[in-house]
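Comments concern the structure below.
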Amino acid sequence: MQARLVDRETGGGPAAGGRGDRTTWSQRWERTRAQIDLLPRPVRVVAVSVVGGTVLLTGVAMLVLPGPGILAILAGLALLATEFAWARRWLDRARAAGRLGVDKGREVWGRRRPASARTPQGDPPAA
């Protein structure tokens, strides 16, 4: 029932008779975060711990099972980082390692491609 009320307020969904105004993900997150912040701190910490821990452990399991394990681990850390400083530090380290990996990949990719195959626009040369 509550979802329908939100749809009516934003003008979206079938209850409003069309698509109406669309909200962005950041706006939705701000509304959700504001509602979460209204909860008493102990309740919020337990909820974040349970949900974030579950997502994190599911990601660890997906490292050996089919699925996006690393993405789930990062999502779990992001959830836990909203309440815990240790999770924020781990998430910052993971981001730094990811940036280093991307930089290293770009460097290797640039070395492996012959200079004749590269143009300033990134397109292959015309034949």
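The values are calculated or read from the model by the stated rules, or taken from the named source; none is laboratory data. Bear in mind that the values here come from a model prediction, so they are computed numbers and not experimental data. Backbone-built Cβ (ideal geometry, glycine too); neighbour counts: all protein chains shown.
Each row is one residue, and each column tells you yes or no for (1) over 19 Å from ALA87 (Cα atoms); (2) under 20 Å from the mean Cα position of the chain (by Cα).
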| site | (1), (2) |
| --- | --- |
| TRP25 | yes, yes |
| GLU30 | yes, yes |
| ILE36 | no, yes |
| VAL43 | no, no |
| VAL55 | no, yes |
| VAL60 | no, yes |
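Quick one: count up the residues across segment 55-112 that are touching a Leu at 6+ places or on another chain (Cβ under 9 Å) and surrounded by fewer than 12 Cβ atoms within 10 Å (Cβ to Cβ).
1
Does segment 116-126 contain any residue that is in a helix (DSSP H, G or I) and modelled with pLDDT under 90?
Yes - at least one qualifying residue is present in segment 116-126.
Take GLU30 and decide whether it is modelled with pLDDT under 90, assigned by TED's automatic domain parsing to the domain that holds ARG95 and either part of a helix (DSSP H, G or I) or of a type outside the set (Gly, Ala, Ser) (or both).
No; evaluated as a whole, the condition is false for this residue.
What about LEU63, is it in the same structural domain as VAL45 (by TED's automatic domain parsing), farther than 28 Å from VAL46 by Cα and at pLDDT 90 or above?
Criteria not met by LEU63.
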